[in-house]
Ligand code: PLP
C-alpha cells in the first residue's frame, strides 16, 4: 500500500471531532511548533496573516514523500514516478474540492498568490488588454494585486481605476459601481483585506462586473484560511491563494480559473511538461492545467497542500465560529486599552486586528511584544496605498488562526498594557 495515501487517509485527529463545538486544545496538539517557547515565554503566534503554522500531518506528508516515493512526475513509466504523479494529481482534486471548482483541471499549481496574479496579468492581460481598456483595483489591495497590473497596463496602454476605502476600511461601493463601464475589462479585488480584515462584498462586485462585461479576479490569499470558499457560487472567473497561509507548505500557490477562460489563454512560462509537440518549425501546447505548469513543479508541496486543505476543510464550520469569537473578544479587550486605536472597523471582518498604540511606533510595539513571546506583524503590510489613504504609515497587526486561544488574547492585552505604561 502506498504510504502517502495512508498519511492522506489517516485524516486528522481533530477532523473527526464535533464540528460545532470546536476543541481548540485538541487542534493545537496537531501543531508541534505551538508548544515552543520564545525565551521563557510560551510562543503566542499572532502572525497568521503572513503565514500559518503547519500541522504534523502536513510535515509528515512531506517527509513521507521524500523518504518513500520521490521521483519526477508525468514522465517515468516506473513505479515511483507513477506514485508521485498519482499523489500530485490527487492533490489537484483536493484543491478543486476545497474551492468547489467544477473540474480539477481548473486548478493550476503555481508558487504562490503573487505568481498566480502575475500569470493572469501576463497571459490573459497581454492577450486581451488594449489601449484605453480599464482594470479596476481597490485602495486596499496587497502590492501583489497592484504591481502586476501596473506592468501590464504600461505594456498594453490599459488604464487602472481605483476604488477608494472609507475611514472604517470598507470599499466605497458607490464609487465602484460608478467606475464600471464598457471599457472595464477586469476587476481584480481582494476577498479579504490582509491589513484590516475587512471582508469585501464580492458577490455584489462580481455580479456588477459581469453585467458590465468584465471578468473578476478574487485575491483569496486571506479569505481561504478563514472560511469555506465556493468559486461556483461566487461565480469568480479567477481565484488565487497561497498554500502557506492555509497550513500548507511554502512555495505553492493556486490559480483557479474557469476552464473556458484558462483554455483561451496563451502560455505564461514555457519549457518541459507544458508542450504537446516541439519542433523548430513550431511548437504546440498542452491543454490546461499542464499548459501553465512548465518544468518540474514543487511535487512535495503540491501533495502536502492537498493534505493541508483537507485538514482545514474538516475543521469547519467550528474553526470559523471559534475565530469569530477570538475576534469579538480581542476587539473588546484591545478597545479597553487607553490610547489604543483599532484601524479597520468594518462590520464584516475575519480575525485580524490592526491597531496603533498611542504614538508608540508600531515597530517598537512589535519588538516589545516579541520579548513576551508574542509574534505580530508591523509596518505597511504590503499595502502602501491603503496606509496612505488612511493617513498612517503602518500598524501593528495581530492576525488569529483557529488554533489561537482566548488565553492568548489575554496575553496580548496584558503585554500591550505594560507597553502603554512604559511609554
Ligand atoms: N494578497 C494578499 C491579500 C496577501 O495578504 C498576500 C500576502 O500576504 C499576498 C497577496 C501575497 O501572497 P504571497 O506572498 O504568498 O504570494
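The values are calculated or read from the model by the stated rules, or taken from the named source; none is laboratory data. It should be emphasised that the depicted structure is a prediction, and the values quoted were computed from it without experimental measurement. As a convention, Cβ positions derive from the backbone with ideal geometry for all residues, glycine included, and neighbour counts pool all protein chains shown.
Summary table below
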| quantity | calculated |
| --- | --- |
| Number of the condition not met by residue 169 [criteria: (1) more than 16 Å from the ligand (Cβ to nearest atom); (2) on the phi > 0 side of the Ramachandran plot] | (1) |
| Residue in segment 55-73 that is within 16 Å of the ligand (Cβ to nearest atom), in a loop (DSSP other than H, G, I, E, B) and under 30 Å from residue 406 (Cα atoms) present | no |
| Yes/no for residue 301 being farther than 20 Å from residue 217 by Cα, in contact with a strand residue (DSSP E or B) (Cβ under 9 Å, 6 or more places away or on another chain) and not in a helix (DSSP H, G or I) | no |
| All positions within segment 234-262 that are more than 16 Å from the ligand (Cβ to nearest atom), crowded, with 24+ Cβ neighbours inside 10 Å and part of a loop (DSSP other than H, G, I, E, B) | 237 |
| Test set (1) in contact (Cβ under 8 Å) with a residue 60 or more places away in the chain; (2) surrounded by fewer than 20 Cβ atoms within 10 Å (Cβ to Cβ); (3) under 23 Å from residue 29 (Cα atoms) - residue 423 fails condition number | (3) |
| Residue match in segment 128-138 (condition: assigned to a strand (DSSP E or B), away from the ligand (no atom under 15 Å from the Cβ), under 30 Å from residue 410 (Cα atoms) and more than 17 Å from the chain's Cα centre (by Cα)) | no |
| Odd one out for residue 328, checked against (1) assigned to a helix (DSSP H, G or I); (2) surrounded by 22 or more Cβ atoms within 10 Å (Cβ to Cβ); (3) within 24 Å of the chain's Cα centre (by Cα) | (2) |
| Segment 139-151, subset touching a residue at least 40 places away in the same chain (Cβ under 8 Å) and in contact with a helix residue (DSSP H, G or I) (Cβ under 6 Å, 6 or more places away or on another chain), residue farthest from the ligand (Cβ to nearest atom) | 139 |
| Checklist (1) in contact with a helix residue (DSSP H, G or I) (Cβ under 8 Å, 6 or more places away or on another chain); (2) surrounded by 23 or more Cβ atoms within 10 Å (Cβ to Cβ); (3) not in a helix (DSSP H, G or I) applied to residue 121, failing item | (3) |
| Checklist (1) under 17 Å from the mean Cα position of the chain (by Cα); (2) more than 15 Å from the ligand (Cβ to nearest atom); (3) in contact (Cβ under 8 Å) with a residue 60 or more places away in the chain; (4) crowded, with 24+ Cβ neighbours inside 10 Å applied to residue 231, failing item | (4) |
| Top-ranked residue in segment 271-285 [being at negative phi and surrounded by 15 or more Cβ atoms within 10 Å (Cβ to Cβ); ranked as nearest to the ligand (Cβ to nearest atom)] | 274 |
| Per-region count, segment 99-114, residues within 14 Å of the ligand (Cβ to nearest atom) and surrounded by 24 or more Cβ atoms within 10 Å (Cβ to Cβ) | 3 |
| Any hit, segment 277-284, residues being within 17 Å of residue 198 (Cα to Cα), out of contact with any strand residue (DSSP E or B) (no Cβ under 8 Å at 6 or more places or on another chain) and in a loop (DSSP other than H, G, I, E, B) | no |
| Selection status of residue 295, farther than 27 Å from residue 324 by Cα, within 16 Å of the ligand (Cβ to nearest atom) and in a loop (DSSP other than H, G, I, E, B) | no |
| Condition check for residue 62: modelled with pLDDT of 95 or more, buried (at least 22 other Cβ atoms within 10 Å of the Cβ) and on the phi < 0 side of the Ramachandran plot | no |
| Filter result for residue 49 (more than 16 Å from the ligand (Cβ to nearest atom) and either assigned to a loop (DSSP other than H, G, I, E, B) or without any contact (Cβ under 8 Å) to a residue 12 or more places away in the chain (or both)) | no |
| Positions within segment 371-383 being buried (at least 22 other Cβ atoms within 10 Å of the Cβ) and away from the ligand (no atom under 16 Å from the Cβ), in sequence order | 374 |
| Meets criteria (modelled with pLDDT of 95 or more and within 16 Å of the ligand (Cβ to nearest atom)) for residue 177 | no |
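Let's see how each residue does on (1) in contact (Cβ under 8 Å) with a residue 12 or more places away in the chain; (2) in contact with a strand residue (DSSP E or B) (Cβ under 7 Å, 6 or more places away or on another chain); (3) buried (at least 17 other Cβ atoms within 10 Å of the Cβ); (4) within 21 Å of residue 247 (Cβ to Cβ):
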{"position": "348", "(1), (2), (3), (4)": "yes, yes, no, no"}
{"position": "358", "(1), (2), (3), (4)": "yes, no, no, no"}
{"position": "369", "(1), (2), (3), (4)": "yes, no, yes, no"}
{"position": "385", "(1), (2), (3), (4)": "yes, no, yes, no"}
{"position": "397", "(1), (2), (3), (4)": "yes, yes, yes, yes"}
{"position": "407", "(1), (2), (3), (4)": "no, no, no, no"}
{"position": "416", "(1), (2), (3), (4)": "yes, yes, yes, no"}
{"position": "419", "(1), (2), (3), (4)": "yes, yes, yes, no"}
